[in-house]
Each structure stands twice: as structure tokens, then as C-alpha cells.
Amino acid sequence: MTADVAEHLRWGHAGLAAVVEIHPDRPVVLRELSAGPPALAARVSQPLVEVLVPGEGRARASQRLSETAVGCRLRYAGAAQSAEGGRHELRLRMRDEASGLAAEVTLRSREGVPAVQASVRVTNLGREPVLLLAVTSFAAGFLGRPVADLDVLYASSEWLGESRWTREPLGARIADLGLAGHGQHGRGAFALTSTGTWSSGRHVPMGGLTDRGTGQTWLWQIEHNGPWRWEIGDRLDGAYVALSGPADADHQWSELLAPGESFTTVPVSVAVSADGVEGAVAAMTAHRRALVRPHPDRIALPVVFNDYMNTVMGDPTTDKLLPLVDAAASAGAEVFCVDAGWYDDGGDWWDSVGEWEPSRTRFPRGLEEVLARITGHGMTPGLWLEPEVIGVRSPMAGKLPAEAFLQRGGARVAEHGRYHLDLRHPAAVAHLDQVVDRLVEELGVGYFKLDYNINPGAGTDLGATSAGAGLLAHNRAHLAWLESVLDRHPRLVLENCGSGAMRMDYAMLARLNLQSTSDQQDFLRYPPIAVAAPLSVLPEQAANWAYPQPWMADEEIVFTLCTGILGRLYLSGNLHRMTTGQLALVREGLRLHRSLRADLPRATPCWPLGLPGWDDPWLALGLRAGDATHLGVWRRPGATGATVLPLPHLTGRALHVEIAYPAAADGWTHAWNARAGELTVTAGAAPSARILHLRPR
């Protein structure tokens with residue numbers, strides 16, 4: 001390798017092509033990451049690793065994670081490739097002689113899947129301690145493409161309004177500043193961040209870039225149950241992407257590395273496609289399935305009835321639950337989860353939780369009576385649990401040592417009447433292990449809804465370089481605790497819930513079985529959340545609430561059932577008060593959902609009307625599984641009586657179109673135009689919805 005000639009290290013497999021450019025006098029760069037054969041059509045100069053330290057900062061003034069001084073000096077020091085069991089791995093080593101820091105980038109990918117998981121380990125090989133302020137998990141130029149050609153994808157998220165995806169021109173976020181005339185890279189960026197432990201409390205920890213002309217698309221996710229940042233900026237040679245976990249400026253994170261010590265970033269994943277956004281979503285869907293921990297639930301996908309939503313609402317008693325248990329079993333549920341309140345004797349339990357002992361006032365003959373009724377119907381009993389918090393009035397607040405809680409300046413962090421456990425401490429772990437093991441082994445619980453309703457902020461400064469470093473260590477200890485629970489109880493099903501979906505990330509979902517997608521109680525507002533969910537989470541993990549009620553009209557019952565059917569159906573509602581006809585509609589919906597379960601773990605989503613808007617009058621979600629397409633369509637108040645659904649993957653094919661749910665309902669018609677690849681649907685009065693099956697003749 002001469003001073004003027006770069007080497008290209010090629011890595012990948014049948015589904016992925018990566019080209020790393022190595023030069024003796026420049027940083028290592030990811031020249032290409034694509035699903036097809038490498039083209040090397042354009043040069044990129046964004047360093048593959050960015051490391052921010054206080055002694056040097058950035059090579060040029062900015063507030064972005066690009067062109068850090070250390071990142072610009074890191075030079076190639078070797079590589080190793082391996083492939084085993086269909087998993088490919090590339091390790092790239094780099095070193096900066098000036099700071100004494102070494103960086104190792106690890107890229108992992110599953111054979112045939114056009115996606116890669118990336119992380120970076122930084123090691124201090126020098127003689128003096130080094131304070132890290134930020135380290136990227138992934139940084140690369142987007143195929144040398146200019147900002148003007150690109151659209152950006154991102155998703156706002158908040159309680160009751162999760163997964164609100166937006167696609168817009170990147171130029172609306174990054175102005176054309178005429179960089180070429182100045183001979184310098186830009187200094188601004190479009191950046192999204194999340195703080196504290198609600199990883200999706202502001203935005204889903206994902207993003208994407210797509211070239212409007214070529215269809216080349218990257219879709220990324222940050223796999224962390226805590227703070228994160230991603231940014232897109234403009235360089236002289238086009239747009240770049242930088243993905244990271246916590247950093248100093250955004251999250252009060254810094255890590256002091258003594259000589260010989262290492263720090264590893266949170267993992268991130270990037271899916272690639274030449275077929276636009278839906279192609280990248282299909283790639284990310286396959287990648288997520290490769291990430292998820294093996295579990296019997298991944299095949300069984302049982303229907304869960306939960307007593308909370310618009311039903312018991314956190315006030316369970318024996319008298320309320322027994323009729324619901326009978327009705328849920330009759331409808332076809334396979335898990336019955338008793339939600340919040342089962343541990344409460346006083347009626348004001350919010351700030352007293354933490355011991356998790358069944359109430360004797362709510363269940364005079366013991367909670368065991370209710371659980372026995374559940375198992376007697378052949379259903380799995382479940383309980384709501386919020387393990388990471390201890391109420392300020394709970395006896396456990398005094399029984400556990402002060403060091404078992406997150407702290408700032410010597411005071412326990414309290415939010416909304418709760419302290420937050422620090423799972424770095426063995427007493428906190430021992431307490432939670434005792435709770436889970438007791439409930440599983442003594443009461444026979446086979447399902448936990450793990451809720452999470454507070455956000456402790458920046459973290460803990462107890463025993464850590466910074467509050468953010470303490471929080472990151474706790475986040476990782478939390479994941480280790482979940483792993484240990486599943487190791488001890490391998491058939492236990494764990495639901496991820498955080499005030500709905502405030503912690504929806506693939507650090508959690510690589511381990512847990514299903515994700516509550518919202519706390520939204522209005523059945524008319526839930527469909528955009530459910531329709532967008534398969535972009536953020538696997539279809540078979542997306543627990544969309546369906547809460548039919550006896551006071552609903554039949555079309556309203558169908559509407560809310562349709563919201564749940566094309567995901568992990570999550571049932572609630574006062575089924576025990578329904579008429580025979582109403583309960584028959586519920587049973588029919590559950591039968592259809594169970595018939596689709598074999599397709600869910602192999603399905604990829606599509607959106608015939610585009611990504612859903614919060615107020616869109618018509619919504620549509622398709623799940624493609626082999627030759628079949630399962631299509632949900634919702635007509636909301638204010639919609640006209642017909643809509644046209646483009647289905648380009650079926651263009652030119654004769655189709656059999658069947659309204660699968662409800663089978664006997666009137667008011668909807670459809671017409672297929674094979675040449676145009678369009679399905680025209682005409683619906684009766686809103687609100688109404690249908691599930692359709694589309695199969696080539």
C-alpha cells in the first residue's frame with residue numbers, strides 16, 4: 001500500500017456488500033454498504049469511528065459527531081473476518097498514536113440478510129487516563145449522495161401517540177449552504193436524541209435515509225434501553241450518518257479510561273435496500289428476527305387477555321375478575337393477565353409498590369382462587385409488575401440499602417412518588433429475583449407484563465465518572481437481569497411495556513417477547529399506531545390493543561378487533577356483559593387471528609397508502625407472507641366512501657380477494673385492477689374496518 005493508493009477491504013455475503021477503504025494517511029471509511037454488488041460509484045470521507053475527548057475536541061468547530069480530532073487521526077491497524085453458523089463478522093482495528101487510543105469496530109450480519117449490527121470498543125493504550133465524551137457506534141457517508149436527492153425518515157413518539165412516522169426531504173432540515181465554494185464540511189446537523197430511560201419517549205430510536213431517484217435506502221435502529229443520539233449532516237462529498245448511545249453534551253455521559261481499560265458502545269443496526277423504504281423495512285424485519293432470543297413464545301404466539309384497558313383499569317377484585325376469566329376463555333384467549341392493583345390493600349397504591357405481595361382485601365380467598373380459575377380454563381396466568389421502582393411509602397424503601405437506588409448528589413432519585421432501583425447493586429437484583437421466583441414457583445405465573453412508568457433522568461453519580469455513565473451501567477445490568485430471569489425460567493413470557501411504548505427498543509425486544517404499542521384508550525385513535533408499529537417492531541411482537549365493549553355497535557367492535565388482528569392480538573373489554581351476537585364477533589376475530597399466526601413470524605409489512613398520518617381518514621397495512629397478502633383497511637370518521645390502494649407487488653396478477661373479517665358483514669365492496677396494480681375499496685359508514693386476504697389465482 002503506497003502513500004497515494006487506497007486499499008479496499010470487501011466483506012459481506014449473498015445479501016450484503018460492504019467495502020472499507022483503507023489509506024495510510026487518512027481515516028478508515030466505509031466506502032459502501034448496500035444490498036447489491038459493490039459499485040464504488042462515489043467517494044466518501046466520513047471517518048468510520050468518531051471519538052470525542054476534552055483535550056482536543058473536534059478537528060473543526062461544530063457541535064456534531066463528525067470530524068473529531070481523534071476520529072480524524074485513527075489509522076488502520078488490522079482486520080479479522082469470520083463466518084460460523086450463518087453469522088458473518090468483521091473486526092477492524094485502528095489506532096491513534098497521539099492520544100494512545102485504539103478502536104475496534106465490530107460488524108455482524110446474518111447470511112442473506114441485508115443488514116449489519118455495529119459496535120465500537122475503545123481502549124486506552126497510553127500511560128495517562130483519557131476522558132471519553134462521545135464515541136459513535138457507526139459513522140459513514142451515505143453512498144456519496146447529496147442532501148438534495150434524499151428523504152429522511154424519523155418517528156415522533158409520546159404517551160398515547162407512539163410511532164408517528166414522518167418522511168420528508170432532507171433539504172427541509174439541512175439547508176444548501178454552498179459548501180463547495182467554502183472548501184469545508186458543514187457544521188450543523190439534523191439530530192434526534194432521547195434522554196433518561198424512556199428510549200422511545202420522544203422519538204423511536206430509529207431513522208432512515210432514502211434516495212428518491214435510485215431507491216437506495218438505509219434504515220437504522222439504536223439498540224439501547226437508555227439515552228441515544230443520531231445525526232445526519234452535510235459534508236463536501238454528501239450526507240453522512242452518525243449513530244451513538246449516550247454522550248456528554250446530550251446526556252451528561254463521560255467515561256474515564258485508565259491505562260489498559262476499554263469502553264464498548266451500545267450496538268446499532270443498519271438495514272440496506274435498493275428497493276426503497278419498504279425494501280429496507282423488510283431487511284430490518286429479517287435482521288430483527290435474527291437478533292431475538294429463542295423462546296417457545298415465538299412460535300406459539302398465544303392470544304393475551306389483559307383486564308386493564310377500558311375494563312378493570314387497575315382496580316381488580318375476585319368478583320370483577322372471575323366473570324372476565326370465564327368470558328375471555330370462551331372468546332378464545334390463551335393467556336389472562338391481571339394488570340395493576342393485585343398487590344394493593346389500601347386503594348392508593350401508586351407510591352407504595354415494591355413488595356409485590358398479593359392483596360388480601362381484593363382477594364379474600366387469595367389471589368390463588370383467580371389464578372386457579374385461569375389455569376382451569378387452560379389459560380396461562382399472568383401478572384402486571386413494575387420491577388424497577390420502589391414506592392416512597394413502600395416498606396422496601398427502608399429495607400434495601402441506599403446504594404441500591406439511583407442517586408444524585410447523595411440523594412435518591414425520586415419521580416412521581418417512586419424511587420428507582422440501581423441494578424448494578426446485588427441487593428436490588430436479589431430483591432427482584434426473589435419476587436419473580438416466588439410468583440412463578442409459588443403462584444404458577446407464566447406471564448409478566450413488565451411496566452415502566454417513570455423516567456429517572458440523567459442517571460446516577462454514585463460510583464461512576466458521570467451520571468450518564470452510571471445510568472449506562474445500570475441499563476446494561478438491567479439487560480443482564482432480564483437474561484438471568486429467562487435463563488432460570490425459559491418458558492416464562494415477558495411483555496415489554498413502558499407507559500405504553502415509551503421504551504420500545506431492540507435492547508429490550510431482543511430479549512422480551514412482545515411490545516405493548518400504546519396506552520391509547522380511544523379505539524378511533526389507535527389504528528395509526530397499530531399500522532405504523534411494524535416499522536418500529538416485529539409484527540409478531542406488536543401487541544396492539546383490541547378492546548370491544550358491550551355498548552359498541554357491531555361495526556365499532558369489528559373496528560377495534562381489526563386493530564389487533566394484524567399484530568400480536570392484545571384483548572381487553574367487558575366481554576362478560578356482551579350479547580351472544582357481540583361475543584360471536586369477538587370469537588370470529590380471534591379465530592381469524594389464530595389462523596394467521598403461522599404467517600406472522602415470516603411476514604413483511606407494506607403500506608399501500610404510505611406511512612400513516614395521525615389524522616389520515618383512511619389507513620391500510622399489508623402483511624406479505626409468501627404468495628398471500630393480509631390487508632387491514634380502516635375507514636375513520638371524515639373519510640369519503642372509497643379509497644384506492646396501490647399494491648405494486650401484485651401488479652399484473654389475477655387475484656382472489658376475500659373479506660376475511662367479518663365474513664358475514666355487508667357494506668364493503670372491492671374491485672381489483674391488475675394492470676394498474678390497484679385495489680379499490682368502497683366502504684359503508686365510518687367508523688368501519690375490514691381484514692382482507694389477497695392471493696394470486
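The values are calculated or read from the model by the stated rules, or taken from the named source; none is laboratory data. All values reported here derive from a predicted model rather than from experimental measurement. Positions of Cβ are generated from backbone atoms using ideal geometry, with glycine treated the same way; all protein chains shown enter the neighbour counts. Just the protein is used for accessible areas: all its heavy atoms, side chains included, with ligands, DNA and RNA removed. Shrake-Rupley method; radii C 1.70, N 1.55, O 1.52, S 1.80 Å.
Of note:
- Given (1) touching a Cys at 6+ places or on another chain (Cβ under 9 Å); (2) farther than 20 Å from R525 by Cβ, index of the condition R653 fails: (1)
- When the range 541-558 is limited to residues that are of a type outside the set (F, W, Y) and in a loop (DSSP other than H, G, I, E, B), the one that is nearest to the chain's Cα centre (by Cα) turns out to be N544.
- The lone exception for G376 - which of (1) closer than 18 Å to N306 by Cβ; (2) open to solvent by 40 Å² or more (accessible area, probe 1.4 Å) it fails: (1)
- Count of the range 191-217 residues, restricted to those that are out of contact with any Leu (no Cβ under 7 Å at 6 or more places or on another chain), open to solvent by 10 Å² or more (accessible area, probe 1.4 Å) and not in a loop (DSSP other than H, G, I, E, B), is 3.
- Residue tally, condition touching a residue at least 60 places away in the same chain (Cβ under 8 Å) and either of a type in the set (G, A, S) or open to solvent by less than 10 Å² (accessible area, probe 1.4 Å) (or both), over the range 129-150: 12
- In the set G346, G314, only one residue is touching a helix residue (DSSP H, G or I) at 6+ places or on another chain (Cβ under 8 Å) and not in a helix (DSSP H, G or I); that residue is G314.
- Among the candidates R591, R635, R577, the residue that is modelled with pLDDT of 95 or more and over 30 Å from the mean Cα position of the chain (by Cα) is uniquely R577.
- Flag for G684 being open to solvent by 20 Å² or more (accessible area, probe 1.4 Å) and at positive phi: no
- Checking G86, G186 one by one, the residue that is touching a residue at least 24 places away in the same chain (Cβ under 8 Å) and at positive phi is G86 and no other.
Residues are listed down the side, and each one gets a yes or a no for (1) in a loop (DSSP other than H, G, I, E, B); (2) touching a residue at least 40 places away in the same chain (Cβ under 8 Å):
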position: V5; (1), (2): yes, no
position: R10; (1), (2): no, no
position: A18; (1), (2): no, yes
position: R31; (1), (2): no, no
position: G36; (1), (2): yes, yes
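- Count of the range 92-110 residues which are in contact with a strand residue (DSSP E or B) (Cβ under 6 Å, 6 or more places away or on another chain), more than 22 Å from W218 (Cβ to Cβ) and open to solvent by 10 Å² or more (accessible area, probe 1.4 Å): 4
- Lone unmet requirement of (1) within 29 Å of V312 (Cα to Cα); (2) open to solvent by 30 Å² or more (accessible area, probe 1.4 Å) for A598: (1)
- Considering only residues in the range 151-166 that are in contact with a strand residue (DSSP E or B) (Cβ under 8 Å, 6 or more places away or on another chain) and either among the charged types (D, E, K, R) or farther than 22 Å from I529 by Cα (or both), the one that is most open to solvent (accessible area, probe 1.4 Å) turns out to be R164.
- Screening V113 on (1) buried (at least 17 other Cβ atoms within 10 Å of the Cβ); (2) under 23 Å from the mean Cα position of the chain (by Cα); (3) part of a strand (DSSP E or B) shows it passes everything except condition (3).
- Test: A404 is touching a residue at least 24 places away in the same chain (Cβ under 8 Å), in contact with a Ser or Thr (Cβ under 9 Å, 6 or more places away or on another chain) and open to solvent by less than 30 Å² (accessible area, probe 1.4 Å): no
- Long-range neighbours under 8 Å by Cβ, at least six apart or interchain, first residue touching a residue at least 12 places away in the same chain (Cβ under 8 Å) within the range 382-401, second among the acidic types (D, E) and surrounded by fewer than 20 Cβ atoms within 10 Å (Cβ to Cβ): G391/D351; V392/D351; R393/D351; S394/D351; S394/E355; P395/E355; M396/E355
- Matching option when the condition is among the aliphatic types (A, V, I, L, M), in contact with a strand residue (DSSP E or B) (Cβ under 9 Å, 6 or more places away or on another chain) and surrounded by fewer than 18 Cβ atoms within 10 Å (Cβ to Cβ), among A239, A175, A180: A175
- Only one of the listed residues (G626, G632, G641, G610) is buried (at least 21 other Cβ atoms within 10 Å of the Cβ) and out of contact with any His (no Cβ under 7 Å at 6 or more places or on another chain). That residue is G632.
- Inter-residue pairs, beta-carbon under 7 Å, first in a loop (DSSP other than H, G, I, E, B) and in the range 40-59, second aromatic (F, W, Y), 6+ apart: Q46/Y240
- Residue within the range 467-483 that is modelled with pLDDT of 95 or more, in contact with a Gly (Cβ under 8 Å, 6 or more places away or on another chain) and in a loop (DSSP other than H, G, I, E, B) present: no
- Qualifying residue in the range 564-574 (condition: open to solvent by 10 Å² or more (accessible area, probe 1.4 Å), on the phi < 0 side of the Ramachandran plot, of a type outside the set (A, V, I, L, M, F, W, C) and at pLDDT 95 or above): yes
- Where a residue in the range 580-593 is closer than 13 Å to T560 by Cβ and in contact (Cβ under 8 Å) with a residue 40 or more places away in the chain and its partner, wherever it lies, is open to solvent by less than 40 Å² (accessible area, probe 1.4 Å) and among the hydroxyl-bearing types (S, T, Y), with Cβ under 7 Å and at least six apart: G589/Y661
- Across the range 252-286, the number of residues qualifying as open to solvent by 40 Å² or more (accessible area, probe 1.4 Å) and farther than 29 Å from P456 by Cα comes to 5.
- Screening P316, P323, P294 for residues that are crowded, with 21+ Cβ neighbours inside 10 Å, within 30 Å of G444 (Cα to Cα) and of a type outside the set (D, E) leaves exactly one candidate, P316.
- Among all residues of the range 166-180, there is none that is farther than 20 Å from V277 by Cβ, touching a helix residue (DSSP H, G or I) at 6+ places or on another chain (Cβ under 7 Å) and part of a strand (DSSP E or B).
- Residue within the range 73-82 that is more than 32 Å from the chain's Cα centre (by Cα) and of a type in the set (K, R) present: yes
- Selection within the range 597-641 - touching a helix residue (DSSP H, G or I) at 6+ places or on another chain (Cβ under 8 Å), among the hydrophobic types (A, V, I, L, M, F, W, C) and over 30 Å from E158 (Cα atoms): A625
- Check on W356, farther than 25 Å from V303 by Cβ, among the aromatic types (F, W, Y) and either in contact with a helix residue (DSSP H, G or I) (Cβ under 9 Å, 6 or more places away or on another chain) or exposed (fewer than 14 other Cβ atoms within 10 Å of the Cβ) (or both): yes
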